[in-house]
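Accompanying notes for the structure given below.
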Amino acid sequence: MSATRRIVPRLLAITLATPLATTLACDKGETKSGPEGEAPASTPSPRPTNVSPAAKLPAIELPDAVPAEATGVLVVRTPESLFATIAGFDLLGEPAPEDTKAMREEVDAYLEKRIGLTLTQVDHVTVFISRQKGVAAIIEGTEGEPKGRSVGEHEGATLLALGSSGEEAVAAQHGKLLIVGQTEAVKLALSAAASSGKQLGDEGGPLVDLLTDDSKGVTLAAAVEVGGLPKDLRGELEDFGVERASLRYGTDGLRAVAMGSESSMEKLEMMLKGGLDMLTTQGQRAKEEAMAGDETLTGVAAIYGYHSALRLRKLLVPKLDGKQLSLEVPIRIQDPMLLTAVAGIAAAIAIPAMTKYMRRSKTSEARVQIAKMFDAASAYFNEEHVSRGAIAIIGAGGTIGGVGGGAVGGVAPHACPNDGRPKGNAGLTPPLSVNCNDGPGGRCVPVAGEPKGPGEYSMKLWTDNPVWNGLNFQMEQGHYFHYDFRWENEISGFGACQFTAQAFGDLDDDRILSTYERSGAADEMGVNGAAGLYIDKEVE
């Protein structure tokens, strides 16, 4: 696993958890201490129930340390500090001010001793990613000076090692900002903060607009330029033509937006609707199976789950507007339990189902191409294939001017496409050494000249192969699967053969292949095919 893939989840796991904690706690608020840190004698006036503290958050302003090279940015902020947000939520009820104060002091003392910083006033975290430099988090609201092993300096700031040296992660302080992340990304942020490098906010552009426009009351905002992300983070977005994407959560609810060409967004809309419909179909099937069983409670739970899925399907309606596809969920910060329920459903059901549905859409390629190979093999067999001038002598059992009873290359006149051998295969095309996931859009790309880029291979692998020529089969555009054709021919008489058209794909780049194939047999009575496709590991 790459350093980016190791560090990104650790940073995002903390920051992405914040909006949920904010949601659960921000309506409670934190009772403020008196001037000397003591609890006030009287209970403060409650906030108006119709106004969330998050609604008072101003429009987002990116910190100066976010560099212009950033291709993805995540902003998480709270109405009060992260500590107040988390400490303010308690299943036993709102904690007493003196208890919160005691916990804060103990946490601060412990952190100051261990890392030289106090973090209980942190209220703003910005994570950015650069395709070339990696990922870093900019934390606002720390106090003190960080401790650690120095591994260098940049822009007058000391770089402190984090964890083992193999992680390539450091921390540095610039004024009131604590910057944590991969070494080169931290240096990039320090240069931006010191004004010796360009800042994303100064550059403006779509990424900044997606983060800052209409951002009052927003506790989470994320935006990415998909093409600028490292390969292992682009995932399905680039594959489905998404050029830019954003996500925000605040007082108006949750909103996700994807941008790309009109045709790409139309296809994505269809896939999203198909995936959401699949959820309700699966829910209905589970309900019917549970109700037919003997467990009463299981049946009741299945009914509840099915109707919850129906309600979710009504809420999640993709909206297409030209080159922009949006998905809005009217979940309000004032309704935390609804958010918790939807988040759980998304994590446990929706996301895996959608991912599987999108992978399954790729498998249509294998089904179509195998059908083409099967039909081509049938057509080839029904034609006679003999050498030039080959004449069978009646009663002599041989030929003049040819070999093998008038056949080509030592097989009978009626045969499956072959390279002259009675039995063999075309050879996996392209070979597995060409990783389709490395190519543009996660596809292998045949090229007329010399292959140069990831996922590319020579078109000659098709055009110079007698088997593919016999099938009149080749892939001219980018594709997900590797193909092969196997045959076994009779060498005399009218001819007979058995054949198998195959496709192999690694749709999730885990080096485990899905297999699609269809077999057939042919003789003078005609061509017979298997009842359907053989499929193993459908969406691997």
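Computed quantities for the displayed model
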{"quantity": "Verdict on Glu476 being open to solvent by 60 Å² or more (accessible area, probe 1.4 Å) and modelled with pLDDT under 90", "calculated": "no"}
{"quantity": "Residue within region 168-175 that is open to solvent by 30 Å² or more (accessible area, probe 1.4 Å) and modelled with pLDDT under 85 present", "calculated": "yes"}
{"quantity": "So Leu237, is it under 30 Å from Leu207 (Cα atoms), open to solvent by less than 40 Å² (accessible area, probe 1.4 Å) and in a helix (DSSP H, G or I)", "calculated": "no"}
{"quantity": "Matching residues in region 213-230 - criterion: being open to solvent by less than 10 Å² (accessible area, probe 1.4 Å) and at positive phi", "calculated": "Gly217"}
{"quantity": "Any chance Leu82 is more than 17 Å from Ser215 (Cβ to Cβ), surrounded by 23 or more Cβ atoms within 10 Å (Cβ to Cβ) and modelled with pLDDT under 85", "calculated": "yes"}
{"quantity": "Near pairs, Cβ below 7 angstrom, 6+ apart or cross-chain, from region 431-455 (touching a residue at least 40 places away in the same chain (Cβ under 8 Å)) to any residue that is small (Gly, Ala, Ser) and not in a loop (DSSP other than H, G, I, E, B)", "calculated": "Cys436/Gly442"}
{"quantity": "Scan of region 117-157 for residues that are in a strand (DSSP E or B), open to solvent by 10 Å² or more (accessible area, probe 1.4 Å) and among the polar types (S, T, N, Q), ordered by number", "calculated": "Thr118, Ser150"}
{"quantity": "Flag if Gly197 is in contact with a Ser or Thr (Cβ under 7 Å, 6 or more places away or on another chain), crowded, with 17+ Cβ neighbours inside 10 Å and under 19 Å from Val127 (Cα atoms)", "calculated": "yes"}
{"quantity": "Within region 169-213, helices (runs of 4 or more DSSP H) holding 3 or more residues that are in contact with a strand residue (DSSP E or B) (Cβ under 6 Å, 6 or more places away or on another chain)", "calculated": "183-193, 206-212"}
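The values are calculated or read from the model by the stated rules, or taken from the named source; none is laboratory data. Computed from a prediction, not measured in an experiment: that's the story for all the values here. Neighbour counts run over all protein chains shown; Cβ positions are idealised from the backbone, glycine included. We work out accessible area using only protein heavy atoms, side chains counted, and drop any ligands, DNA or RNA first. Shrake-Rupley method; radii C 1.70, N 1.55, O 1.52, S 1.80 Å.
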